[in-house]
Amino acid sequence: MVESLQLRQALRVFLNKAEAAWFDVYGSSFDRREINVGGTEYIQLPLRYSTRAKIYAYFRKYWGITFSRIQLRSLKSIVHNGRVYVILGDPGPIPNFVESVRILSITKTRIRVRAMLSGDPDGNVPIYYTIARTSSGYKIISRSGKRYDYRFTINKL
């Protein structure tokens, strides 16, 4: 029981960091250099996210390959003079703060959990994750609720 509680708490911390990763990158552009390309305003990311490879590596701390690629594309970034810029603006509210975690199943290589996320204007939202256990910790390889979350959808500019 104590081990299960500790694992749930560790997973909650991990999932909160993972859910915040996209916002960490996007929000890091606050008060940075702005440019206008084709009528769209972009804002420069700081040096720690100065290349798409750095952003991808940051997402890979928490997310599997597919989810990392999708989140990178959903930033709708451009490269200008060797630096990465993202579209300026408020992306809007989505459920992204893990309030609680319930472990559904555990194997040697996978953990399946149900988490309640807050941040949606309509209230808490249940999200299901499949988390891979790796030599370096955890990686999210599956997540429900992608359909209405702009971090996981790719729209053409």
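Within the range 63-80, the set of residues being out of contact with any Phe, Trp or Tyr (no Cβ under 6 Å at 6 or more places or on another chain), among the aliphatic types (A, V, I, L, M) and assigned to a strand (DSSP E or B) comprises just one member, Val79. Could you list, in sequence order, the residues of the range 101-111 that are loosely packed, with under 15 Cβ neighbours inside 10 Å and in a strand (DSSP E or B)? Across the range 101-111, the qualifying residues are Arg102, Ile103, Leu104, Ser105, Ile106, Arg110. Within the range 67-85, track down each residue that is among the β-branched types (Val, Ile, Thr) and touching a residue at least 40 places away in the same chain (Cβ under 8 Å). Those that are among the β-branched types (Val, Ile, Thr) and touching a residue at least 40 places away in the same chain (Cβ under 8 Å): Ile70, Ile78, Val84.
Residue count for the range 118-143 satisfying the condition of being charged (D, E, K, R) and part of a strand (DSSP E or B): 3. Scan the range 84-100 and give yes if some residue there is modelled with pLDDT of 95 or more, surrounded by 15 or more Cβ atoms within 10 Å (Cβ to Cβ) and of a type in the set (Gly, Ala, Ser), otherwise no. So far as the range 84-100 goes, no, none of its residues is modelled with pLDDT of 95 or more, surrounded by 15 or more Cβ atoms within 10 Å (Cβ to Cβ) and of a type in the set (Gly, Ala, Ser). Selection of first residues in the range 112-123 that are on the phi > 0 side of the Ramachandran plot and of second residues that are modelled with pLDDT under 95 and outside any strand (DSSP E or B), restricted to Cβ pairs under 8 Å at least 6 apart or on distinct chains, gives the following pairs, ordered by first then second residue: Gly119/Pro93; Gly119/Ile94; Gly119/Pro95; Gly119/Asn96. Among the residues making up the range 135-157, a single one is free of Cβ contacts under 8 Å to residues at least 24 places away in the same chain and within 17 Å of Val13 (Cα to Cα): Ser136. Scanning the range 1-41 for residues that are in contact with an Asp or Glu (Cβ under 8 Å, 6 or more places away or on another chain) and either assigned to a helix (DSSP H, G or I) or exposed (fewer than 15 other Cβ atoms within 10 Å of the Cβ) (or both) yields Glu34, Glu41.
Suppose the filter is under 30 Å from Met116 (Cβ atoms), hydroxyl-bearing (Ser, Thr, Tyr) and more than 18 Å from the chain's Cα centre (by Cα); does Ser4 pass it? Here the answer is yes, as Ser4 does meet what is asked.
The values are calculated or read from the model by the stated rules, or taken from the named source; none is laboratory data. Being a predicted model, the structure only gives us computed values, none of them experimental. Every residue, glycine as well, gets a Cβ built from its backbone with ideal geometry; the counts of neighbours run over all protein chains shown.
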